[in-house]
Every structure is written in C-alpha cells, then in structure tokens.
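Each remark here refers to the structure printed beneath this line.
Computed from the coordinates by the stated procedures, all read-outs in this text should not be read as laboratory data. Just so we're clear, the structure is a prediction, and the values are computed from it rather than from any experiment. Cβ sites come from the backbone with ideal geometry, for glycine too, and all protein chains shown count toward neighbours.
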Amino acid sequence: MISYGPLIDRTHQAWKLHAVNIGVLLAIVIHVVARWFVHGITGRELAIFSGASAAIAAASLFIFFGTVSCPVCGANWVWRAIRERAGRWLEWLREQQVCPVCGSSGNVPPGSWRAE
C-alpha cells in the first residue's frame, strides 16, 4: 500500500489519491483501446469513447484537486501544494504533518460537518 504522507493518511483521504490514479489510467485505457484496437469503429463511436474517457479523467481530477482538504478549516491542500512548491508539490504534500493553514493535526472534531 502506498503511503501518501502522515496528514493525508491520518485524515483518511488517501483513497482520493488512489481514485485519481485509477480514474486517469482507466480513461487512458478506454481511449487507447477504442482508438487502436477496436477495428471497424465509426467516427461517432470513437467520439463516444473519447467523451467517456474525458469525463472519467475530469471526474478523477476533480476528486483530486477539489476535495483533498483539511477537515477542520477546509483549506485545499493540493492547490496550496502546487502554488507553494510548483515542481515538488507532491513531495511537499506528503511531508505535511499538520495543516499548513490552521495547524490542525487532521483529526476531525466531534460533530464536524467537514467529516469525510
């Protein structure tokens, strides 16, 4: 099992990173299979497969970029990582021990509406 860092693992958000990896891989496979391995495919069918693969990739990327956040303050950690460490953003994200905005250890407070 891949460790995505103490903060991501502690907040139980590693599944989102697994989902984006699987989703993007699935989108690529669908597109490649439709384009190169299905013989006799029409332009319309190829457009359907391409649209489906694009939708899967977009949904996966939305999960990653839009929902990996602090359960206490709601800070989006992925966007913050990209802005602060452009080239090494994933490494920065994996190194975080506490939320860089509010200092929370990632433990969800009882009764919080932000609970995952």
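Side notes on the structure shown:
- Its Cα centre serving as origin, the stretch 9-102 has a Cβ charge dipole (Lys and Arg +1, Asp and Glu -1) of approximately 100 debye.
- Centroid-to-centroid separation of the stretch 14-54 and the stretch 69-107 [C-alpha atoms, Å]: 31 Å
- Positive-end ranking of Thr11, Ile41, Gly87 along the dipole of the stretch 6-95, with charges on Cβ about the Cα centre, is headed by Gly87.
- Compared with the dominant principal axis of the Cα atoms in the chain, helix 14-32 is inclined by about 10°.
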